[in-house]
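Chemist: For reference, the structure I am asking about is given below.
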2 protein chains.
Amino acid sequence: MSTDIDFYFDFVSPYAYLASTRIERLAAAHGRKVRWKPVLMTVLSKAAGTQLTPFVPMKWQYVQQDLERSARLAGIPFRLPPGFPKLLLAPGRAMTWLAASHGEDTAAAFARTCFTAYFSDGVDINDHEVLAGIASGMGVARAPLLAALEDEAVKAAFRQASEDAIAQGVFGVPFMIVDGESFWGFDRLDQLALVMKQPAPQVGVDGGD
Amino acid sequence: MSTDIDFYFDFVSPYAYLASTRIERLAAAHGRKVRWKPVLMTVLSKAAGTQLTPFVPMKWQYVQQDLERSARLAGIPFRLPPGFPKLLLAPGRAMTWLAASHGEDTAAAFARTCFTAYFSDGVDINDHEVLAGIASGMGVARAPLLAALEDEAVKAAFRQASEDAIAQGVFGVPFMIVDGESFWGFDRLDQLALVMKQPAPQVGVDGGD
């Protein structure tokens, strides 16, 4: 069993953004590594038979207040981007290619920058030139990234990532799996920290201090 | 504007049960009173266009783990009752009558006892004799309570309670409204406490220390 934290997210999820600002520090404090796994909420919600919150008016009315409050109490800059929500395919595809071509650490840094650009500064991270600019700032050449965004193999790999997540029981984001245990939501990072500190008792295994 | 905490719940909601064990202590610590407001999730979810979690398999699979973990980490006894979930009309009707006939404090104590009986001990709190027994232990005569459970006016008043909740934007439980601000979920009690301690700055109002 992996000791990493699998961190499933969609770039369009505000709660995933909030979690993205905390997950690396949390993992490091417990000697874990984060595996950043971009997926598409539209694919997850179809498979699970759930609704996307912005399309449930009474819930969305509340959630907008909750997001503002959750961000404020956590001290995280946040505002809903213009035109929210929209289907964001490009950053997930870019990250998929970056992970394969430049390594997971570069891809994760790219993801964090995209999240902040979108939810703190209102930048359109579905725009290919914007993504090329972000990658360029990290030393990644623009041309191969722009080509990757049109590459059918990259598109297929990103599509497959959502299917793989569904197979792990992921139905929403942010979703964290560690030591086989699942945690859903920015508001479960505290429980994730508690469980990593005090793992559930194992039957038939002697525990040491 | 009321300074009370309006606490909306359905007796069938496990997260509302968890909140029911904490809400009075939390309110008292901030000099507030709790107004216990039983509603029906089936009515709320129909109005809001949401789904009841136990009928969304992937989500329910996760939520069962989350409930066990949330209860364990909070130190609250919990197990899913036999035959869960079921439509619980009787305890809400009983409480509606108790509040009118014996006062809100008696009704609230009855609600807390019902919650514990259901989610800690697996007692069938839809059974009229069970409810009469719980009320009897609080000094309420059995016969008028049993009669109230068949009273059309009581039934109508309990139905109306869900409509009144919907008018306040309530789409799920537990749902707390205090000083005009809404909080949804057992996992928002911490934010509720923080906001009561440090109210959001009011424009044009001088704040004192």
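The values are calculated or read from the model by the stated rules, or taken from the named source; none is laboratory data. Keep in mind it's a predicted model, so treat the numbers as computed, not measured. Quick reminder, even Gly has a Cβ in these numbers, built from the backbone with ideal geometry, and neighbours come from all protein chains shown.
Chemist: Among the residues of the stretch B:117-131, are any within 14 Å of another protein chain (Cβ to nearest Cβ) and crowded, with 17+ Cβ neighbours inside 10 Å?
Modeler: Looking through the stretch B:117-131, none of the residues is within 14 Å of another protein chain (Cβ to nearest Cβ) and crowded, with 17+ Cβ neighbours inside 10 Å.
Chemist: Looking only at the stretch A:1-14, decide whether some residue is closer than 27 Å to residue B:57 by Cα and assigned to a helix (DSSP H, G or I).
Modeler: Yes - at least one qualifying residue is present in the stretch A:1-14.
Chemist: Mind checking which residues of the stretch B:110-158 are within 15 Å of the chain's Cα centre (by Cα) and not hydrophobic (A, V, I, L, M, F, W, C)?
Modeler: Once the filter is applied, which keeps residues that are within 15 Å of the chain's Cα centre (by Cα) and not hydrophobic (A, V, I, L, M, F, W, C), the stretch B:110-158 yields B:112, B:113, B:116, B:118.
Chemist: Also, quick follow-up: Can you say whether residue B:101 is within 14 Å of chain A (Cβ to nearest Cβ), of a type in the set (Ser, Thr, Tyr) and not in a loop (DSSP other than H, G, I, E, B), as far as the supplied structure shows?
Modeler: Judged against the criteria, residue B:101 is not a match.
Chemist: Let me ask something else. Within the stretch A:142-164, which residues are closer than 20 Å to residue B:56 by Cα and away from chain B (no Cβ under 14 Å)?
Modeler: A:164
Chemist: Quick one: in the stretch B:1-21, which of the residues that are aliphatic (A, V, I, L, M) and surrounded by 21 or more Cβ atoms within 10 Å (Cβ to Cβ) is farthest from residue B:70 (Cα to Cα)?
Modeler: Among them, the one singled out is B:5.
Chemist: When residue B:24 is evaluated against the numbered criteria (1) over 29 Å from residue A:51 (Cα atoms); (2) surrounded by fewer than 18 Cβ atoms within 10 Å (Cβ to Cβ); (3) among the acidic types (Asp, Glu), which criterion, by number, is the only one it fails?
Modeler: (2)
Chemist: From the set of residues in the stretch A:165-199 that are of a type in the set (D, E, K, R) and either closer than 19 Å to residue B:60 by Cα or touching a His at 6+ places or on another chain (Cβ under 6 Å) (or both), which is nearest to the other protein chains (Cβ to nearest Cβ)?
Modeler: My answer is A:187.
Chemist: What single numbered condition from (1) among the polar types (S, T, N, Q); (2) surrounded by 15 or more Cβ atoms within 10 Å (Cβ to Cβ); (3) farther than 20 Å from residue A:22 by Cα fails to hold for residue A:136?
Modeler: Against the list (1) among the polar types (S, T, N, Q); (2) surrounded by 15 or more Cβ atoms within 10 Å (Cβ to Cβ); (3) farther than 20 Å from residue A:22 by Cα, residue A:136 comes up short only on (2).
Chemist: Follow-up. Assess whether residue A:112 counts as being touching a residue at least 24 places away in the same chain (Cβ under 8 Å), surrounded by 20 or more Cβ atoms within 10 Å (Cβ to Cβ), among the basic types (Lys, Arg) and not in a loop (DSSP other than H, G, I, E, B).
Modeler: Answer is no for this residue.
Chemist: Where in the stretch B:23-88 are there helices (runs of 4 or more DSSP H), lying wholly inside it, with at least 1 residues that are more than 9 Å from every other protein chain (Cβ to nearest Cβ) and modelled with pLDDT under 95?
Modeler: none
Chemist: What number of residues within the stretch A:15-56 are among the small types (Gly, Ala, Ser) and under 16 Å from residue B:58 (Cβ atoms)?
Modeler: Here the count works out to 4.
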